[in-house]
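Remarks on the structure that follows.
The values are calculated or read from the model by the stated rules, or taken from the named source; none is laboratory data. Computed from a prediction, not measured in an experiment: that's the story for all the values here. Positions of Cβ are generated from backbone atoms using ideal geometry, with glycine treated the same way; all protein chains shown enter the neighbour counts. We work out accessible area using only protein heavy atoms, side chains counted, and drop any ligands, DNA or RNA first. Shrake-Rupley method; radii C 1.70, N 1.55, O 1.52, S 1.80 Å.
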Amino acid sequence: MVTKRSSRICLTATLTLAVVIGGWALLNGRAVQAAPGVLHVAPGGNCGGASPCYSTVQGAVDAAQTGDEIRIAAGTYSGVNNQGGKPQVVYIAKSLTLRGGYTTANWITPSPEANVTEINAQTLGRVAYITGTNTIVAFEGLRFTYGDANGLGGHSPTSYENYDAGGNLYIDEATVTLNDCHVTDGAAPSSGYGGGVYIRNGVLTATRTLWHTHEAGHGGAAYLYRATTHIIESVFQNNRTTTINGEGPALAVVGGTFTFSGSTIEANTAAQKAPFSGALDVNANPFLIESSMISGTVYSSGVALSGIGTLRDSTIQANQYGGVRIGDSNITLADNEVSYNGAGSTYVEAGVYVSGVSDATVYLARNHIHHNKNTYVSSYGGGVYIDPAPEGWVTLSDNLIEDNSVGKAGAQEDGSGGGVAINGNQVTLERNLIRNNTAIGFLHPVGWTYGGLGGGVHIRGNPILRNNVIVENHATYRGSGLYVRGSAPELYHNTIAQNAGANDATGVYVAEASSTERAQPKLWNTIIVSQTVGIYVKGDVVKNIVNADGILWYGNTDNTGGTGTFFLSNEHTGDPLFVAPPNGDYHINPGSAAIDNGVATNTTTDIDGEPRFGIPDLGADEYWAPGALKRVYLPLVLRQQ
């Protein structure tokens, strides 16, 4: 006879056996997985007594349950399999954690740098293939090397499936984390995508990971296709593309969302002459690139951006074909250093190149753009080039743009717009310091001159310039400060001083672009001092006309010149008493002839974002006595007006 007590014992034994066999228990009516298991891998299957032990990573992956951890001892693991129908060293379609850096004597504390754990495909296939929308895989302290996607296909969309993708790692809709890993020496062939990694429609997070010496037709180290990607404190070095105009010698991002933080991209190389790409080539919505360094790119720009996002607090330096290239996009560049780009370029580039902005907004704020070169023949814009579509708008605010050049001395490679070149109407320049930039031209043997126009700013269009300081710039032939060609820009409260080139010392030079394209700029409350000619107007008296209301002349050999027409009102003469021009400080001192001599406009703040009051001062700065109201903190909204 079976008692109630013995029945309970049998039931307990049965449930216990079920837990042991199935790895599951019942808790509050819900199934709960048992604690993850730990599997071990060591060369030759000798794990020093640890169990279970496997000689290959794939063997451990096959034996593991979802959620398990695989610990891998130092050594090199090779040998491809054909799981999933393609060759790779490791095929993963379940959620696992794989960690390297162990020894057979210590399975507790990994040391990946001391105990190198390498998974090496020996160019016989990929290193790892990870697949499945519910697959979550974490790799830590591992090295993935010598993967090759040749003949393996895999690029999306379907019409490109025959194009090879993912030399070392191929991620198909899975979620993958790389921590403290090295991904090196992978390849996708010349028409392929992602020598180091290819991901489509998945999630990739890489932290403190080195991507080194990859090659592919597109996305030398990484091609990220419609993925959610986070790259943190990682390095992309010595990667390259092998297809002419192949995008992203380091990374190419196509669709999805993208974050790149605290990372470095250096010494990556495009196939010869890929000027319209960047080592980091991003088309994502949204994207964020911050606190990073992009430098030393050969045959390409540093960064190419489109989509919607922000590049901030980063250094873009010494890239051969320019610093930052911006296409159709809503993009903010803020607090970056863009410097020494363009040396040796043979294509049109600049420190920052903005072109084709269609129904979009680009905002450049508080950047230091300096020592960039554009040496392409008949080029425009050494520091910044702007060519927006009619529906777009580009704003440059609070930038320091200095020591840039366009054209090349001693060669027939002329340029215009050493600091900034504007080709279009939908542009605003406000509160910028533009100084010591150079536009280089050359003299043809028959006597014609080419280039050398607009040392500080070259304008062809109808932009708005407000509260800028344009000083100490140089042009070989015309307009060392500004050159206005066949257009009607509006200039409010600008300071134009001490601009002089080899054959020109003109503050503002005005000329038609053709017989039907007149030059008719309008100036309000301007300081024009210390040039041979303050404003020069070339050409027909009924075509080229300057309207200026509120102007301070001082120290010019001639205030005006040329055969065009001037309409001048509220002119003043006197010393502006700049604070410290040798230090780039063009604020005005007490007693300046600029004080209280302006006319009313809609400009309510000055170059510092401080308010104008009463009768405004001339030039970019509004003087207030020390300790006066303007020295108190102003709300951010007011400062940005």
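Details
- Centroid-to-centroid separation of segment 554-597 and segment 444-522 [C-alpha atoms, Å]: 17 Å
- For segment 400-425 versus segment 277-296, the gap between their alpha-carbon centres in whole angstrom: 25 Å
- Gyration tensor verdict on segment 299-451 (Cα atoms; rounded if a/c is under 1.5, prolate if a/b is larger than b/c, oblate otherwise): prolate
- Shape call, segment 218-360: gyration tensor on alpha carbons, a/c limit 1.5: rounded
- For the chain, the longest principal axis of the alpha carbon atoms and the long axis of helix 4-22 meet at an angle near 50°.
- Label zone at Asn602, where the point sits 7 Å out along the Cα-to-Cβ direction: segment 441-463 residues whose backbone N lies under 18 Å: 462-463
- Glu113, Glu349, reordered so the largest accessible area comes first (probe 1.4 Å): Glu113, Glu349
- Cα gyration tensor shape for the chain, rounded if a/c is under 1.5, else prolate or oblate: prolate
- Projecting label points 7 angstrom from Cα along Cα→Cβ for Ser358 and Ala63 puts them 5.8 nm apart.
- Lysine pair count for the chain [Cα-Cα under 30 Å; pairs on different chains or 8 or more apart]: 9
- Our estimate of slack between Ile464 and Asn425, defined as 0.36 nm per intervening residue step minus the Cα-Cα distance, is 13.2 nm.
- The chain: relative contact order in percent, alpha carbon pairs under 8 Å with at least 6 residues between: 5 percent
- Segment 433-557: mean projected area of Cα convex hull, nm²: 7.1 nm²
- Beta bridges from DSSP with both residues in the chain: antiparallel share about 5 percent, rounded to the nearest 5.
- A simple count of charges around Gly153, restricted to other residues whose Cβ falls under 14 Å of its Cβ and scoring Lys, Arg +1 and Asp, Glu -1, yields -1.
- Antiparallel %, DSSP beta bridges [both residues in segment 522-585], to 5: 5 percent
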